[in-house]
Structures are given as C-alpha cells and as structure tokens.
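Here the structure comes first, spelled out in structure tokens, and everything after it is commentary.
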Amino acid sequence: MGKTAEAIGEGVSIAAAAARLTVRNRILVETIANDETFQYEPFERFARTTLLALADEQDAAADLARRQRKKAWGKFSDPDGTHDYRDRDTRNLRRRRRQYEGVAKRLREMADDPEAVRDLVENARDAAWGDVESNLQRRLRVEAMRPDLDPDYETMRGARMQALRLVDLPRLSAHRRARQREGDPS
C-alpha cells in the first residue's frame, strides 16, 4: 500500500472518529438533556449530514492545496514562512490534494452506505452510554462514600460545601420556582 493510500486511510479514521464524537454528543443532548427516547432514524440522518460536512471540508482542503500548488509553480526564491510554498513543494501539494480528495470520496461513500451509517450511530450510542455509565458510577462512588472511609474527606469538605451553596441550592431553588409557576405546589 502506498503513502497516499495510507494517508487516506488515516484521514478516514480520524474523520470517522470526529463524526462518532459529534453524533455521540448529539445523542447525549437529545436523549438525556432533552429527555427524549433514542430512535435511530434522526441520528442516522444527522450522522449522514455530519459525514457529508466532513467530506466538504476535505474538498475545501483539496481545493486550497490545488490553489497553493498553482501559486507555487515557478517560484524558486526562498520562502517567507511555513505556508509560503515554492516550486519544490508542488509535488507534495499535489499528493496532499489527492489525499484530501480520497478522504472526501471515502466519507461520501460511507454517507451513502446505510450499514456504515448505522454502525457509526451504534458506536456513537455505545460511547454515549459508556459516558453516562462512568459518570453514574463516579457519582455513586462519591455520594455513597462514608466520611470515615474517605481519606480526603476533611480536605474536600470545603469544596463540597461551596458546590452545594453555589450550584446545588440555586439549581434546587430555580427548579422549585419553575414548578410553582406551573402550578405544582411541591
């Protein structure tokens, strides 16, 4: 496998990880923060849109490399900076353009493949629920800790009390006011 194919494969892996993270964040917001049930279809549409947006970014990068190559053609002086390309850089810029175009092509293929999109959503969902699980475990461990078993109890007590005053009590107060406005006396 050549350098271009390897670079395209790495680029696709990075873009897929970025897409998975984006979809994971959307799942967390939509299902947890907005208290919605998980359904594949909206997230599949979002995943497809995300992949196509990443492909568009790669196309824009390929276009930039093409313009930079064209501008560098025939320049033989010393460069003024990192992105001031010269004739000797045209080969690398051409390779870079091909790599960007290859990544964009593969991302579009993924977006058109229902199975690849479904896998992306499933992996993002698993990652989202993994985050939820680890947050719950961490919170339960902290909240279930007995003072006599926690070696940092005295050290962290001030921070916990400050968090209670600055975060938890105002949140509780705002929740009660909202419930009262809705007519719920509890």
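Find the residue count for region 92-111, including only residues that are closer than 15 Å to residue 15 by Cβ and either in contact with a Cys (Cβ under 7 Å, 6 or more places away or on another chain) or among the charged types (D, E, K, R) (or both).
The qualifying residues number 5.
Quick check on my filter: what residues within region 26-48 are surrounded by fewer than 16 Cβ atoms within 10 Å (Cβ to Cβ), in contact (Cβ under 8 Å) with a residue 60 or more places away in the chain and in a helix (DSSP H, G or I)?
Scanning region 26-48 gives 32, 40.
Quick check on region 147-154. Is at least one of its residues at pLDDT 80 or above and open to solvent by 60 Å² or more (accessible area, probe 1.4 Å)?
Yes, region 147-154 contains a residue that is at pLDDT 80 or above and open to solvent by 60 Å² or more (accessible area, probe 1.4 Å).
Is it fair to say residue 101 is under 29 Å from the mean Cα position of the chain (by Cα), within 30 Å of residue 131 (Cα to Cα) and either acidic (Asp, Glu) or open to solvent by less than 40 Å² (accessible area, probe 1.4 Å) (or both)?
Answer is no for this residue.
Could you name every one of the helices (runs of 4 or more DSSP H) located completely within region 71-163 that has at least 3 residues being among the acidic types (Asp, Glu)?
Of the helices (runs of 4 or more DSSP H) lying wholly inside region 71-163, those with at least 3 residues that are among the acidic types (Asp, Glu) span 90-112, 114-143.
Regarding region 5-25, can at least one residue be identified that is touching a Ser or Thr at 6+ places or on another chain (Cβ under 7 Å), closer than 18 Å to residue 128 by Cα and open to solvent by 40 Å² or more (accessible area, probe 1.4 Å)?
Scanning region 5-25 turns up at least one residue that is touching a Ser or Thr at 6+ places or on another chain (Cβ under 7 Å), closer than 18 Å to residue 128 by Cα and open to solvent by 40 Å² or more (accessible area, probe 1.4 Å).
Scan region 64-85 residue by residue and report those that are at pLDDT below 80 and surrounded by fewer than 13 Cβ atoms within 10 Å (Cβ to Cβ).
Result: 74, 76, 77, 78, 80, 81, 82, 83.
The values are calculated or read from the model by the stated rules, or taken from the named source; none is laboratory data. Because the structure is predicted, anything quoted here is derived from the model rather than measured. Please note: Cβ atoms are built from the backbone with ideal geometry, for glycine as well, and neighbour counts cover all protein chains shown. Heavy atoms of the whole protein, side chains included, go into the accessibility calculation; ligands, DNA and RNA do not. Shrake-Rupley method; radii C 1.70, N 1.55, O 1.52, S 1.80 Å.
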